[in-house]
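Participant: Starting off with a structure, shown below.
The values are calculated or read from the model by the stated rules, or taken from the named source; none is laboratory data. Just so we're clear, the structure is a prediction, and the values are computed from it rather than from any experiment. Heads up, the Cβs are rebuilt from the backbone with ideal geometry, glycines too, and the neighbour counts pull from every protein chain shown. Protein only, heavy atoms only, side chains kept; ligands, DNA and RNA dropped before computing areas. Shrake-Rupley method; radii C 1.70, N 1.55, O 1.52, S 1.80 Å.
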Amino acid sequence: MKLVINGEVQEVAADTLAALMAELDYAGNWLATARNGEVVPVAERQLCRLADGDHIEILSPMKGG
Amino acid sequence: MLSLYGTEISSRLLLGTALYPSPAILGDAVKASRTEIVTVSLRREAAGGRTGEKFWSLIQSLGVRVLPNTAGCHSVKEAVTTAKMAREVFSTNWIKLEVIGNHDTLQPDVFGLVEAARILAADGFQVFPYTTDDLVVAERLLEAGCKILMPWCAPIGSARGPQNVEALRSLRGHFPDTPLIVDAGIGRPSHAAAVMELGFDAVLLNTAVAKAGDPIGMATAFAKAIEAGRAAFLAGMLEPRDMAVPSTPLIGKAVFS
């Protein structure tokens, strides 16, 4: 299916958020995720089913003022 | 000691982590500043990327608390979602809440700010709102559940220093028991000392240190200025006078004629 991941359209095979992160080689406990503007906590990624056209944000710590 | 949502803090300088020439200089500047709180942010990570991990390891090695921000958010929804994601990553209820209203001045959208603060405070966040020096907005933020206020003294990164001293003085006078932190607009140590002399509890700055010729030297200079300003406030300062007042006693002065 096609997803919008961090603003870019991508074709992926994964059907859960946890599977998507594995597919795209995202690993580590410093990442935060959101699906369609709603936060998905780490514990819920396994259960978070994806649908065509979903907007996914994957964020990590960054310098800031 | 300064108490921020029940956390006792010795240093009255909060430091941003952006714009330094290198991660090593950032680390040394944080140490030189003796700050106990640094601000951090969240940004998109590339697939397979480890950028965030490197930065986060550096920050964790410095032994400071983090205050995540919602920088760059222009809507309540964006700011609230970013705050929740920050809580996930940084394991803290603290959030420096920014809802930007104007691209040129980075002036806070105070209406959105109050709304977002109310939502986040109800959700258990301890909100540090980046606001203007407007007194009524400050009252609304406190009503919304904020226990700290962070007014600007000039636009972010402008280095102009206090632009409206009377408004800052008024905030201090109206909220004697609320921690007030000047956030944004400080350009040099004398600006920081000036707002500390007004009785502000702390200063949050970033660009003035990060973009200095020697960020580590400047971090030290700010630490000293902030301490000096605080000590001066506590010691009680002389008010300006219209006329000269001799400091050397006149009694016993010799008369030559």
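Participant: Being open to solvent by 20 Å² or more (accessible area, probe 1.4 Å), within 30 Å of B:V40 (Cβ to Cβ) and either in a loop (DSSP other than H, G, I, E, B) or of a type in the set (A, V, I, L, M, F, W, C) (or both), is that true of even one residue in region B:234-252?
Facilitator: Taking every residue of region B:234-252 in turn, none turns out to be open to solvent by 20 Å² or more (accessible area, probe 1.4 Å), within 30 Å of B:V40 (Cβ to Cβ) and either in a loop (DSSP other than H, G, I, E, B) or of a type in the set (A, V, I, L, M, F, W, C) (or both).
Participant: When you scan region B:238-257, do you find a residue that is among the small types (G, A, S) and at pLDDT 95 or above, even just one?
Facilitator: No; the residues of region B:238-257 include none that is among the small types (G, A, S) and at pLDDT 95 or above.
Participant: For region B:143-182, enumerate the residues that are open to solvent by less than 50 Å² (accessible area, probe 1.4 Å), assigned to a helix (DSSP H, G or I) and of a type outside the set (D, E, K, R).
Facilitator: If the condition is that a residue be open to solvent by less than 50 Å² (accessible area, probe 1.4 Å), assigned to a helix (DSSP H, G or I) and of a type outside the set (D, E, K, R), then B:A167, B:L168, B:S170, B:L171 are the ones that fit.
Participant: Listed residues B:A71, B:A47; which is within 11 Å of another protein chain (Cβ to nearest Cβ), closer than 21 Å to B:K147 by Cα and of a type in the set (G, A, S)?
Facilitator: Residue meeting the stated conditions: B:A71.
Participant: Something else now. Confirm whether B:A24 is away from every other protein chain (no Cβ under 13 Å), at pLDDT 95 or above and open to solvent by 60 Å² or more (accessible area, probe 1.4 Å).
Facilitator: Here the answer is yes, as B:A24 does meet what is asked.
Participant: What are the residues in region B:116-131 that are more than 18 Å from B:P68 (Cβ to Cβ) and crowded, with 18+ Cβ neighbours inside 10 Å, if any?
Facilitator: B:R118
Participant: For region A:1-22, name all the residues that are more than 9 Å from chain B (Cβ to nearest Cβ) and either open to solvent by 50 Å² or more (accessible area, probe 1.4 Å) or not hydrophobic (A, V, I, L, M, F, W, C) (or both).
Facilitator: A:M1, A:K2, A:E8, A:V9, A:E11, A:A13, A:D15, A:T16, A:A22
Participant: Testing B:A32 on (1) surrounded by 17 or more Cβ atoms within 10 Å (Cβ to Cβ); (2) in contact with an Asp or Glu (Cβ under 9 Å, 6 or more places away or on another chain); (3) away from every other protein chain (no Cβ under 14 Å), one condition comes back false. Which one is that?
Facilitator: (2)
Participant: Which residue out of B:S11, B:S57, B:S41, B:S3 is out of contact with any helix residue (DSSP H, G or I) (no Cβ under 7 Å at 6 or more places or on another chain), in contact (Cβ under 8 Å) with a residue 12 or more places away in the chain and within 14 Å of chain A (Cβ to nearest Cβ)?
Facilitator: B:S41
Participant: Please go through (1) buried (at least 16 other Cβ atoms within 10 Å of the Cβ); (2) not in a loop (DSSP other than H, G, I, E, B) for B:S190 and return the number of the only condition it doesn't satisfy.
Facilitator: Among (1) buried (at least 16 other Cβ atoms within 10 Å of the Cβ); (2) not in a loop (DSSP other than H, G, I, E, B), B:S190 violates only (1).
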